Amino acid sequence: MENDIALSASPVPNPKKPTGMKHFFKQLYLQRALVIMSVPFIIWLFIFRYLPLWGWVSAFQNYKPARGFFEQEWVGLRQFEFLFTDERFFRVLRNTLVMSFENLILGFVTAITLALLLNEVRQLVFKRVVQTISYLPHFISWVVAAGIIQTTLSTDGIVNTLLMKFGWIDEELLFLGKAEWFWGIYGASIVWKDVGWNTIVYLAAMTMIDPALYEAAEMDGAGRFKKMWHVTLPGIKSVIIVLLIMNTGYLLESGFDPQYLLGNGMNISHSENIDIFVLNYGIRMSNYSLAVAAGIFKTVVSFILLFVANNIAKRLGEARLY
Amino acid sequence: MALADAQAAARSEVRQVRPVRKRRRRYRMSAGDWAFEIFNHVALLTLVIVTLYPFVNQIAVSFNSATDSLKGGIYLWPRDWTLDNYKYVFKEATIFNAFLVSVARTVLGTVLTVLCSAMVAYTISRQDFVLRRFVTIAFVLTMYVNGGLIPTFLLMKSLGLINSFWVYIWPGLIGVFNLIIIRSFIEGLPEGILEASRIDGAGDFRTFFSIVLPLSTPVLATVALFSGVYQWNSWFDVMIYNSSNIKLSTLQYELQKILQNSNAATTAASAFANSGNVGAVQVTPLSIRATMTIVASAPIIMVYPFLQKYFVKGMMVGGVKG
């Protein structure tokens, strides 16, 4: 499994690897059909994936599109200095971190809980139906999801209606208008959208657990909770850890869509994250260099997090990413 | 290989469930077990209701007469049944055009993605291909580094892809994830078949088109579904690249504009509403929103339950492969 994850980038030498330049070109000629099938896409890859990396240098410039490449003004680390003294950037950073951790922790806890509950259902038809329905929101675009969430939370939406009916509130609440509530709404939204989908991997892992373990636990007098706690959860531990590491690398990718689509003028202090900051500074205000600097900062932090998480896993003697 | 794992997992799920059921029938349920059973079913049913209600509610509002909806109180079923909202949405030239663009990008994008990904995947599945490692590493590296929003935006600008339909197709042509799952599937095909076609004198193109492509239908279906959903749901690229050209707008982006403006006085939706009040058709922002939500998610809601197994398969492969 570890090898699989390392992909074929692993340095296993190909036994048929040709030696010598002449041999190489001869092979290349013989395999020209394969070359024709792959090289155009390497060119595509270079243009669309590697060329933008050049753009990183503009973080050290005061980039103006009107000027040519060699006429740009170099400003060193001034863009980064500006970022780290900007109060707004700190707020943006705080929002990104809070919502990212929320995404990570909430995503894991809810998905594992739901997987455990589903795993205990014995009526197969009921289980299938619940699964199918719970995957559904994952495939709906965030635009539609945001529309649905706005409708649900609006003053005449179902949440307010129910709260009024039960008499828990005296007047309708403006959920998306309260900045402090945004993180909660964000958490609920991502859980609503993805909890079902995230269970798939755990449920697959649970089917791999040896049934004999459950029987042994039963003999020892374990009830259902004990079996869940002592057999099922340890059985999916390695999957949980691999996914945790992988998601740590994407930690700062807490998403753009939900924050942008649910955000509004009233909750911007809690909804704006790095991606929205980049969009606003870069594309809306054409302050390209500053936006690129913010993007670089995010990428670097992501790399460090991935590295740290992988090392911790290595220390713990668990499966790891590389 | 990973796909084989996933299939094995699916098979073992079927095989394993029966003995568990038999065994548990013998096992006497304690009071605690009953309590858990009831709790579990209630929890899962709550999840189903919370997931489905917002969709059902939007469907009800979209089929309810617009003026009647304003009175509120539409929950699960339309009170004053009408098709006017749908008639209005499809008569509105902008929205109908956006619908066509959405369909076009979904069809074209999916076909090209599947074909190109499969081609590259075939070349890197060939152990004797001289450029195999180079191509693989070039693609896999892009999983970890990317230029970010602003450099990509500037690149599209200099490639002349702003205000162009092709910006929906080219940048996302080949995804590394797709490449990896197709490659592992092709590598899992019986060696003899490819060998035989080569011995029979078929070149690489012939082998690819008449042997590999037809045999890879299951994995290509998975990739096509992910790609189709991605294309249908995209709105961000429309917003940043093509927002000034209404002819290239998509359904999701039109909906996003309606949602974003729904609080403001001069909204697209209320403009529709005002202009729509001529003749028999009466619409309001509320009903237009609900109708657009349904139109934008209907294709997915309709096809998804039938194709669910392909999605799940793809997800499991992706989970194992990282």
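Using only side-chain charges placed at the Cβ, +1 for Lys and Arg and -1 for Asp and Glu, the dipole size of the protein assembly as shown relative to its Cα centre rounds to 1640 debye. Ranking of A:TYR281, B:TYR304, B:TYR75 by neighbouring Cβ atoms within 10 Å, starting from the fewest: B:TYR75, B:TYR304, A:TYR281.
Need one word for segment A:16-76: rounded, prolate or oblate. Basis is the Cα gyration tensor (sqrt eigenvalues a ≥ b ≥ c); a/c below 1.5 gives rounded, then a/b vs b/c decides. All intermediate terms of the calculation are to be shown ahead of the outcome.
Details: a/c = 4.31, a/b = 2.96, b/c = 1.46.
Prolate shape, in that a/c is at least 1.5 and a/b is the bigger ratio.
The H on the amide N of A:GLN61, modeled in the peptide plane, is under 5 Å from the matching H of A:VAL75, each at least 5 residues off or on a different chain. Its alpha carbons considered, segment A:206-322 gives a radius of gyration followed by a Dmax of 21.6, 69 Å. Only Lys, Arg, Asp and Glu carry charge here, each on its Cβ (+1 for the first two, -1 for the last two); on that basis segment B:82-322 has a dipole of about 220 debye about its Cα centre. Cβ-to-Cβ counts within 10 Å put B:ILE38, B:ILE294 in ascending order as B:ILE38, B:ILE294, the fewest first. Using just its DSSP H runs of length 4 or more, each adding -39500 (n - 2.57), chain A gives a mean residue ellipticity at 222 nm of -19500 deg cm²/dmol after division by all residues. The alpha-carbon of A:LYS26 sits under 18 angstrom from the alpha-carbons of these lysines, leaving out residues fewer than 8 places away in its chain: A:LYS16, A:LYS17. Each of A:HIS23, A:HIS230 was scored by other Cβ atoms within 10 Å of its Cβ. Listed from fewest to most, they are A:HIS23, A:HIS230.
Counting pairs of Cα atoms in the protein assembly as shown, how many percent are more than 50 Å apart? Kindly include the intermediate steps, with their values, before the conclusion.
Working: 32153 of 207046 pairs.
So the portion of pairs separated by more than 50 Å is 16 percent.
Summarised as an ellipsoid, segment B:82-322 has semi-axes of 42, 20, 15 Å, derived from the eigenvalues of the Cα gyration tensor scaled by 5 and square-rooted, with the largest first.
Determine the dipole magnitude for segment A:81-315: charges of +1 sit on the beta-carbon of Lys and Arg, -1 on that of Asp and Glu, nothing else is charged, the reference point is the Cα centre, and the result goes in debye to the nearest 20. Kindly include the intermediate steps, with their values, before the conclusion.
Values: 17 positive and 19 negative charges, 116 e Å.
Charge dipole, segment A:81-315, about its Cα centre: 560 debye, nearest 20.
Max-minus-min Cα coordinates of segment A:116-242 on each principal axis give 56, 33, 31 Å, with the largest extent listed first.
Shown here are the Rg and Dmax of the Cα trace of segment B:55-191, at 23.1, 70 Å.
For segment B:206-213, backbone phi angles converted through the Karplus equation (6.51, -1.76, 1.60; θ = phi - 60°) give residue-by-residue couplings of 4, 4, 5, 6, 9, 10, 5, 4 Hz, Gly and Pro being listed as x.
Principal axis extents of the C-alpha atoms in segment B:135-195 (largest first, rounded to whole Å): 48, 25, 14. With the convex hull drawn over the C-alpha atoms of segment A:137-209, the volume per residue is 122 Å³. For A:LYS178, no residue whose modelled amide H falls within less than 5 Å of its own remains once neighbours fewer than 5 places apart on the same chain are excluded. Summarised as an ellipsoid, segment B:78-136 has semi-axes of 48, 12, 7 Å, derived from the eigenvalues of the Cα gyration tensor scaled by 5 and square-rooted, with the largest first.
Considering segment A:81-315, its Cα convex hull presents a mean projected area of 16.9 nm². Protection proxy ranking, highest mean first, for peptides B:86-97, B:194-205, A:111-122: A:111-122, B:86-97, B:194-205, where packing is the per-residue count of other beta-carbon atoms within 10 Å, averaged. The phi-based Karplus calculation (6.51 cos²θ - 1.76 cosθ + 1.60; θ = phi - 60°) puts the 3J(HN,Hα) values of segment B:284-301 at 10, x, 4, 6, 5, 4, 4, 5, 4, 4, 5, 4, 6, 10, 4, x, 6, 4 Hz, whole numbers, x for Gly and Pro.
Shown in residue order for segment A:39-55 are the 3J(HN,Hα) couplings computed by the Karplus curve 6.51 cos²θ - 1.76 cosθ + 1.60 at θ = phi - 60°: 5, x, 7, 5, 5, 4, 4, 4, 5, 8, 10, 9, 4, x, 4, 4, x Hz (x for Gly and Pro).
Tell me which of B:VAL101, B:PRO78, A:PHE60 sits at the most positive position along the dipole axis of the protein assembly as shown, charges placed on C-beta atoms (Lys, Arg +1; Asp, Glu -1). About the Cα centre, the residue reaching furthest to the positive side is B:VAL101.
Going through the cross-link list A:LYS237/A:LYS314; B:LYS91/B:LYS247; A:LYS193/B:LYS87, which pairs have a Cα-Cα distance over 18 Å in this structure?
Working: A:LYS237/A:LYS314 15 Å; B:LYS91/B:LYS247 15 Å; A:LYS193/B:LYS87 30 Å.
Pairs exceeding 18 Å: A:LYS193/B:LYS87.
Coordinate-derived values only; no laboratory data. Being a predicted model, the structure only gives us computed values, none of them experimental. Note that we place each Cβ from the backbone using ideal geometry, even for glycine, and neighbour counts take in every protein chain shown.
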